[in-house]
Amino acid sequence: MKAIHLLAVGLVQTGLLDELAASLARLFQVSCRVRKEVLDAEFALDTIRGQYQSSMILARMASLAANNGTRLVGITEHDLYVPVLTFVFGEAQLSGVCALVSAHRLRDEYYGLPANAGTLSRRLVVEAVHELGHTFGLRHCSMWQCAMASTHSVERLDLKEPGYCPACRRIILNSRE
Ligand SMILES: [Zn+2]
Ligand SMILES: [Zn+2]
């Protein structure tokens, strides 16, 4: 992996992307920058569900990605879904270069709690690490602390580390290019 680019998909809270970029640069030891443009995702809105179809956004992102292995991670405030599931925290191309993460259900406010910036940024990092793992070909991991564990609630998500278990890390190191 040469570098990571972050892309705002729709309007994203100021500062969130810069903070995430700093964390990902530190974790992966590669350069990580925020792209200037914003991807409008209204084409992916299902007006009946009030949610955005993540696969459609990923497909659009693929046309914006560089072909040198640089990962393109979209961050959105929109609530995402895939047709078979009520919602997804994110989605990625398995062994591809594009990944997408939604902050929508990572916010404590979504669950009727007071906003907590620290909690939100930690969850965002864990989810970005998870989706990036899929771009390295990683599938879901049975270690609950591993970022690659499959989670459908923030309670389970908060048990995960913003990093990979030794087995997942080995696969990433071998596919690093
Ligand atoms: Zn996953
Ligand atoms: Zn693992």
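Annotations for the structure displayed:
- Working from label points 7 Å from Cα in the Cα-to-Cβ sense, the Y110 to E37 distance is 2.7 nm.
- Ratio of Rg to Rh over the chain (Cα coordinates, Kirkwood Rh, two decimals): 0.93
- The range 121-135 and the range 8-43 have Cα centres lying 12 Å from one another.
- Cβ-based exposure ranking for R71, R169, in which fewest neighbours within 10 Å come first: R169, R71
- Sites listed here are chymotrypsin sites (Phe, Trp or Tyr not before Pro) in the range 53-151 whose DSSP assignment is loop and whose Cβ has at most 13 other Cβ atoms within 10 Å: W144.
- Peptide ranges 121-132, 44-55 listed from the most packed, as the mean C-beta count within 10 angstrom indicates: 121-132, 44-55
- Stretching the chain fully between S153 and L173 yields a gain of 4.3 nm (0.36 nm per residue, less the alpha carbon separation).
- Length gained when the stretch V82-L11 is fully extended (0.36 nm per residue, less Cα-Cα span): 23.5 nm
- As a length-normalised measure over Cα pairs under 8 Å and 6 or more apart, the relative contact order of the range 3-139 settles at 24 percent.
- Mean ellipticity per residue at 222 nm, deg cm²/dmol - from DSSP H runs of n ≥ 4 across the chain, formula -39500 (n - 2.57): -9000 deg cm²/dmol
Computed from the coordinates by the stated procedures, all read-outs in this text should not be read as laboratory data. Note that the structure is a prediction, hence the values are computed from the model and not measured. Heads up, the Cβs are rebuilt from the backbone with ideal geometry, glycines too, and the neighbour counts pull from every protein chain shown.
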